[in-house]
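A short worksheet on the structure shown next.
Please treat every number below as a calculation from the coordinates, not as lab data. Please read all numbers here as calculations on a predicted model, not as lab measurements. Counting neighbours? That spans all protein chains shown, and the Cβs are built from the backbone with ideal geometry, glycine included.
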Amino acid sequence: MTYEEASRRQAEALRDKKGVRILALETSCDETAAAVIEDGRKILSNIVFSQIDLHELYGGVVPEIASRAHMEACDRVVDEALRAAGMELADVDALAVTKGPGLVGALLTGVNCMKGLAFAAGKPLIGVNHIEGHVSANYLTNPDLEPPFLCLVVSGGHSHLVEVRDYGVYRLLGQTADDAAGEAFDKAARALGLPYPGGPRIDALAEEGDPEAFRLPEPKTAGRYDYSFSGLKTAFINTVHGIEQRGEPLPRADLAASFRRAVCRELTDKARILIRERPETAAGGMALAGGVSANRELRRMAQSMCDELGVRLYMPEIKLCTDNGAMIGSAAYYQLRRGETAGLNMNAEPALRLVMSEQ
Ligand code: KG4
Ligand code: ZN
């Protein structure tokens, strides 16, 4: 029997099993992260090794450095995740890995690592979409959350408003016309001289500032539920340069707070329009997902918007907002239930998108 046949049979047998344990690895960008997850909802271990120190010097992620660092770290991080869960490889039911989107070299290190382990252990392997992983972080923090619900996915590379119709079934309702929200935060942070990654740093600095100190232009988009951040970013950078050229000291906290407010207003305003016009999309609640969902202002503004509209808000706990292996293990569980196992020919897919349903 080939590995693929054996894996399909095992996946079949696991469909009705209680206590399915998945060992998951995430290496799509600058975090080498592994976790063991039970039944898609319970975290048995969650180890995140961040490479931020390695990239900080360059002001962003250097792909080749990231790949090499994943190569060095992934065996150790996987071992640590198993040890922290009190398990050995033989005790897990299946393995999972992020297959995309992300940096191709970084993805390949993880995909190859897990292919080798899955083959050696004779266990099924699941290739996971990183964005679906971010959405699934909500299942770990909110055990009663089930689709359908509305989800605002805001990360370094994506800003999507999607309806999660079922596990693995999405409908795109809005998206960014230009930059992703996280990217806009990172660029604005750079203009203020803050190191990479700028999002969390702007967020911390903004807590001390006045969000109404600077007025930034309201973004214009063609689609009613779409986002735009590049105009905000340019206006912000011009404001900073203007102050610098006049030789005045930068009111950094006020600038950070004003920018953060403008980005979060854009995100929540578009979600508000959508929920008002099509309340059925949020009847099951609204969730936040992705690195930017760690943003304190976004969490507060989304909460008050949802309170105002009578919609229940779900958010991943802060440490599950940014990249981690636990969210990959959660998404993988529902794929395994659908029999979606990968063969040994699985490849990295750097431009992978969420599969959207027709209507
Ligand atoms: O989801 P993520 O960890 O990686 C991607 O899949 O892209 O998101 C990383 C992004 C970065 O742009 C980072 O600056 C931003 O999320 N981010 C934040 C915060 N924490 C992370 N942006 C604003 N406020 C935060 N607290
Ligand atoms: Zn991510």
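Computed quantities for the displayed model
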| quantity | calculated |
| --- | --- |
| 3J(HN,Hα) from dihedral phi, segment 149-159, Karplus parametrisation 6.51/-1.76/1.60, rounded to Hz, x for glycine, proline | 7, 8, 9, 9, 9, 10, 9, x, x, 9, 9 |
| Leading residue at positive end of dipole, the chain (Cβ point charges), from Phe49, Ala302, Val78 | Ala302 |
| Placed amide H near Ser228: partners under 5 Å, 5+ positions off or other chain | Ala177 |
| Rounded to the nearest 20 debye, dipole of segment 124-270 from Cβ charges on Lys, Arg, Asp, Glu | 340 debye |
| Three semi-axes of the equivalent ellipsoid, segment 204-359, Cα gyration tensor, whole Å, largest first | 34, 21, 16 |
| For the chain, size of Cβ-based charge dipole, Lys and Arg +1, Asp and Glu -1, in debye | 520 debye |
| Burial ranking of peptide ranges 215-221, 264-270, 330-336 (average Cβ count within 10 Å, highest at the top) | 330-336, 264-270, 215-221 |
| Cβ-derived FRET efficiency at R0 41 Å, Lys319 paired with Leu344, nearest 0.05 | 0.80 |
| Highest to lowest packing among 200-210, 299-309, scored as the average C-beta count within 10 Å | 200-210, 299-309 |
| Calculated P(r) tail over 36 Å for the chain, as whole % of Cα pairs | 22 percent |
| Rh (Kirkwood; distinct C-alpha pairs) - segment 147-284, Å | 15.7 Å |
| Among Pro124, Pro251, Pro316, residue whose mean-square fluctuation peaks in a GNM of the chain (springs only between Cα atoms under 10 Å) | Pro251 |
| Nearest-20 debye value, segment 201-282 charge dipole, Cβ charges on Lys, Arg, Asp, Glu | 300 debye |
| Computed [θ] at 222 nm, deg cm²/dmol, the chain (DSSP H ≥ 4; -39,500 (n - 2.57); rounded to nearest 500) | -14000 deg cm²/dmol |
| Gaussian network model of the chain, Cα within-10 Å springs - most flexible of Tyr225, Tyr58, Tyr167 | Tyr58 |
| For the chain, built as a Gaussian network whose Cα springs stay under 10 Å, the top-fluctuating residue of Leu145, Leu57, Leu89 | Leu57 |
| Under the Karplus curve 6.51 cos²θ - 1.76 cosθ + 1.60, θ = phi - 60°, whole-Hz ³J(HN,Hα) for segment 212-228, x wherever Gly or Pro sits | 9, 5, 10, 9, 10, x, 6, x, 10, 9, 6, x, 5, 10, 8, 10, 8 |
| Contour minus Cα-Cα distance for Glu88 and Leu54 (0.36 nm per residue) | 9.2 nm |
| Under 5 Å, built H, 5+ apart or other chain: amide partners of Ala96 | Leu23, Ala24, Leu25, Ile126 |
| Positive dipole terminus of segment 1-69, leading residue within Ala33, Met1, Ile22 (C-beta point charges) | Met1 |
| Qualifying lysines (Cα of each under 29 Å from Cα of Lys18; at least 8 residues distant if same chain) | Lys42, Lys99, Lys115, Lys123, Lys319 |
| For segment 37-50, 3J(HN,Hα) per residue [Karplus equation, 6.51 cos²θ - 1.76 cosθ + 1.60, θ = phi - 60°, Hz, x = Gly/Pro] | 10, 9, 6, x, 10, 10, 8, 8, 7, 7, 10, 10, 10, 8 |
| Charge-dipole axis of the chain as Lys and Arg at +1 and Asp and Glu at -1 on Cβ define it, positive-most pick from Leu320, Ala191, Leu274 | Leu274 |
